[in-house]
Amino acid sequence: MLEAHHLLREEELESLSMAGKPKLHYFNGRGRMESIRWLLAAAGVEFEEELFETREEFEKLIQGGTLMYEQVPMVEIDGMNLVETRAILRYLAAKYNLYGRNIQEQAWIDMYVEGLKDLSDMIMFFPLSLPGEKEMNLEYILERATTKFFPVYEKALRDHGQDFLVGNRLSWADIQLLEVILMAEECKPSVLTGFPLLQEFKARISYIPTIQKFLQPGSQRKPPLDESSIESVKNIFKFERGMFLKNMSTIVAEY
Amino acid sequence: MRNPETTMAGKPKLHYFNGRGRMESIRWLLASAGVEFEEKFINTPEDLDKLKNDGSLMFQQVPMVEIDGMKLVQTRAILNYIATKYNLYGKDIKERALIDMYTEGIVDLNEMIMVLPLCPPDQKDAKITLIRERTTDRYLPVFEKVLKSHGQDYLVGNKLSRADIHLVELLYYVEELDSSLLANFPLLKALKTRVSNLPTVKKFLQPGSPRKPPLDEKSLEQAKKIFRIN
């Protein structure tokens, strides 16, 4: 009898704690949700995921009426159905004190994060390249990473000599930078050659306990898209191959 | 003798070409907040090169806004700073989340309209059809519904925020594309009128303000040259 009582309490407790956890709605892959998983994990926040695998499941979610623009990512948190990746990330960063201590720090974090987004979008869309263009696109990504993006962050760390990008403490910018470094290394393991401070940064941030935990197998971190999951993504979101080039035109238009 | 530099020192300085592009929403936000600003126009590729070589552009890109001792780049970073500084970003993180969700949707549609001039001629009709569809089926219904649901004058927190300003700016562009697109959105039309009548916005809407006209052929060619777009 004591055992049954104990079990009931545990179930009750479990459902109470479930109610508190953010719930992520997306497909079973990185895409635009991965940065959100990183931020939650780094903040030590446990979260649930409802991952759809087919177009039908995605349409069911749309029909449920919880997606403001009929798009994902969507995160249920604090009584809201948050959509738009940046809106979600900003909310989380502010809630978990990863958004700086004042308006200037917030501005620096925003600049660093927005700058990285161009690079991370390129890498994200890369698997959707047309087969004949893969090599060319990869070269382009690596050229941009090493000449346009990484130098900015290497310089930032060199200029202030601190452990973190902004305000001498961990922020959203550091987490985002680590994520993008790791994505770039998946494209080319030696991509950080010539960036000694970024190499140290990578080691240092990876070592933070919550992040270390997220980097271990079995965490909610998702693997890169492989050929079989590309087909599935294409069907769910009705993408075409050649999305890389289409996306590139948007990036070029950041003028 | 008064150094003209120091009297100007207080005003934000916008670096961009003489057209809307990605700087226009920044101009709208500053103007609506009643903030006077200066503009330094990039007229040639050499002007842009100079900014890059100066080290003024963190990612070698514009828009760039000099404000409060910083050289801010990245449109969203700039808009966030201005909105926060001038209290147009809601009263807490939940209001900010709503504002952000609305703003990102607005930006997505605005982006489609903005890059339309760069679209190859053979794809233009299809693009315009898509824009119309997104406008009347995906985006405007959301904002009409928000206003209907609370019956208040502004999108969030019963107070003017950046979301209202970005939305009204967008509604002007939608109207430029095709005014009939606004036909089924009475509350949005009312918001547009209400916000347009605010003294700061009214001033910005008048001729002679820093507001920029739609891109014509000549300015498009110049912009392509400056930014080395083929």
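I'd like the Karplus ³J(HN,Hα) series for the stretch A:182-198: coefficients 6.51, -1.76, 1.60, θ = phi - 60°, whole numbers in Hz, and an x wherever there's a Gly or Pro.
Going residue by residue, I get 5, 4, 5, 5, 5, 6, 8, x, 9, 4, 8, 4, x, 10, x, 6, 5 Hz, with x marking Gly and Pro.
Ordered by residue, what ³J(HN,Hα) values in Hz, to whole numbers, does the stretch B:81-93 give under the Karplus form 6.51 cos²θ - 1.76 cosθ + 1.60, where θ = phi - 60° and Gly and Pro are x?
Result, ordered by residue: 4, 5, 4, 5, 4, 9, 6, 10, 10, x, 9, 7, 5 Hz.
Quote to one decimal, in nm, the extra length available between B:Lys40 and B:Asp108 on full extension: 0.36 nm per residue of separation minus the C-alpha distance between them.
Extra length from B:Lys40 to B:Asp108 when fully extended: 21.8 nm.
Where is the GNM fluctuation largest for chain B (alpha-carbon springs, 10 angstrom cutoff): B:Leu98, B:Leu130, B:Leu79?
So, out of B:Leu98, B:Leu130, B:Leu79, the one fluctuating most is B:Leu130.
Between B:Thr200 and A:Lys21, what FRET efficiency follows from the Cβ-Cβ distance if R0 is 30 Å, with the result rounded to 0.05?
0.10
With every protein chain present, what is the per residue accessible area of the protein assembly as shown (1.4 Å probe, Å²)?
Heavy-atom SASA per residue in the protein assembly as shown reads 48 Å².
Nothing charged except the Cβ atoms of Lys and Arg (+1) and of Asp and Glu (-1): what's the magnitude of the dipole of the stretch B:19-62 about its Cα centre? Round to the nearest 20 debye.
180 debye
Once phi is turned into θ = phi - 60°, what whole-Hz ³J(HN,Hα) does the Karplus curve with 6.51, -1.76 and 1.60 give for every residue of the stretch A:72-82, x standing for Gly and Pro?
Working through the residues one at a time gives 10, x, 9, 10, 7, 7, 6, x, 10, 9, 7 Hz.
Comparing A:Pro151, A:Pro127, A:Pro223, which has the greatest mean-square fluctuation in the GNM of chain A with Cα pairs linked when under 10 Å apart?
Maximum among the listed residues: A:Pro223.
Quick check: from the Cα gyration tensor, does the stretch A:168-217 come out rounded (a/c under 1.5), prolate or oblate?
Oblate, because a/c is 1.5 or more while a/b does not exceed b/c.
With a ≥ b ≥ c the root eigenvalues of the C-alpha gyration tensor of the protein assembly as shown, is it rounded (a/c under 1.5), prolate (a/b larger than b/c) or oblate?
Judged from the Cα gyration tensor, the protein assembly as shown comes out rounded (a/c under 1.5).
Taking H as built 1.01 Å from N, whose amide H comes closer than 5 Å to the amide H of B:Tyr16, not counting residues under 5 places away?
Residues meeting the criterion, in which the H sits 1.01 Å from N, are B:Lys40, B:Ile42.
If you take each beta carbon of peptide B:46-58 and count the beta carbons of other chains within 10 angstrom, what is the mean?
1
Using the per-residue mean of other Cβ atoms lying within 10 Å as a proxy for protection, in what order, highest first, do the peptides A:94-107, B:43-56 fall?
In descending order of packing, they fall as A:94-107, B:43-56.
So for the pair A:Glu46, B:Tyr86, with labels modelled 7 Å out along Cα→Cβ, what separation do we get in nm?
So the label points at A:Glu46 and B:Tyr86 sit 4.6 nm apart.
How well do other chains shield peptide B:140-147, expressed as the mean number of their Cβ atoms within 10 Å of each residue Cβ?
1
Sequence neighbours fewer than 8 away in the same chain don't count; with that in mind, list the lysines whose C-alpha is under 20 Å from B:Lys192.
Of all the lysines, those that pass the test against B:Lys192 - Cα under 20 Å, at least 8 places apart if same chain - are B:Lys145, B:Lys148, B:Lys159, B:Lys202, B:Lys203, B:Lys212.
Could you identify which residue out of A:Thr54, A:Thr193, A:Thr146 has the top mean-square fluctuation in a GNM of chain A using Cα springs shorter than 10 Å?
A:Thr193
Would you calculate the separation in nanometres between label points at B:Gln60 and A:Lys155, each defined as 7 Å from the Cα along the Cα-to-beta-carbon direction?
Taking the simple label geometry, B:Gln60 and A:Lys155 are separated by 1.1 nm.
Check A:Phe27: other-chain or 5+ apart residues with amide H under 5 Å from its amide H, H built from backbone geometry?
Result for A:Phe27 returns A:Phe52.
For A:110-121, what's the mean count of beta carbons from other chains sitting within 10 Å of each residue's beta carbon?
The per-residue average across the peptide is 4.
The values are calculated or read from the model by the stated rules, or taken from the named source; none is laboratory data. Worth saying up front: this structure is predicted, and the values here are computed from it rather than measured. Cβ: placed from backbone, ideal geometry, glycine included. Neighbour counts: every protein chain shown. The protein model used for the area step is the full one, side chains on, heavy atoms only, and it has no ligands, DNA or RNA in it. Shrake-Rupley method; radii C 1.70, N 1.55, O 1.52, S 1.80 Å.
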